[in-house]
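Since the structure comes first, as structure tokens, the remarks are kept for the end.
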Amino acid sequence: MAEFLTYLPGILLAYAAFMVGLISPGPALMALMGVSLGDGRRAGRYFALGIGSGSLCIGILTLSGLSALLLAYADAMYVIRIAGGCYLLWMAFKALKAAAHPASIPARADNDPQQSAAHYFSRGLALHLTNPKAILTWIAIISIGFHPGAPLWVGVVIVASCGLISTLVHLFYATAFSTRPVIALYRRLARWINAILGVFFAVLGLKLIFSR
């Protein structure tokens, strides 16, 4: 018990840093909003599960030291940035196309998803795994809560808990973005919402590709 209390402040600080990252607008949140509004609640939840799984995978890799190796080798990090940037540009294209044809993207609440569960899950997973910001965030979180000399269980607790928190928070977002009031607002502002999403993804994608 005494050992647990010794590391508890660092664990809680890591949780706090992780929560700040979750509530800050980013590619995952913006993409989840688009999926939940456009394809419905269940599609959004599958997408959220993909994001949560991606977050857990990055956490495990960070704890094992592989993410530190990625940072040490610039070429590997460059490939990740290019892949992530291209994926964001593809999402930008789809969002801008939807903005140009708003009638073809009716908002759904409880309707059946347009694609399979695996499709939405893999999209969420791919988005998170190719996001260098997520890797850097996890490295910061592990550095905050898992100090040199700390027992392995501290890192395991941080990774497992943050992975669960990420999944639950994104599932909440998926549900919130597919409620009737939000859908009603979306129907009125669909073109503008998709245009904003498209510009956001395009700017972020280009920034990833051309950043040094």
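The values are calculated or read from the model by the stated rules, or taken from the named source; none is laboratory data. Model, not experiment: these values are computed from the prediction. Neighbour counts run over all protein chains shown; Cβ positions are idealised from the backbone, glycine included. Just the protein is used for accessible areas: all its heavy atoms, side chains included, with ligands, DNA and RNA removed. Shrake-Rupley method; radii C 1.70, N 1.55, O 1.52, S 1.80 Å.
A 1.4 Å probe, protein heavy atoms only, puts the accessible area of VAL182 near 50 Å². Oblate is the label for the range 138-212. Its Cα gyration tensor axes, ordered a ≥ b ≥ c, give a/c of at least 1.5 and b/c at or above a/b. The heavy atoms of LEU164 present about 100 square angstrom of accessible area, all protein chains included, probe 1.4 Å. Restriction of the trypsin sites (Lys or Arg not before Pro) in the range 159-204 to DSSP coil positions whose beta-carbon has at most 13 other beta-carbons within 10 angstrom yields no sites. For the peptides 200-207, 52-59, residues were scored by their other Cβ atoms within 10 Å and the scores averaged per peptide; the highest-first order is 52-59, 200-207.
Length available on full extension from LEU152 to LEU8: 0.36 nm per residue minus the Cα-Cα distance, which gives 50.5 nm. Computed extension length for ARG191-LEU96: 33.3 nm, one decimal, from 0.36 nm per residue of separation with the Cα-Cα distance subtracted.
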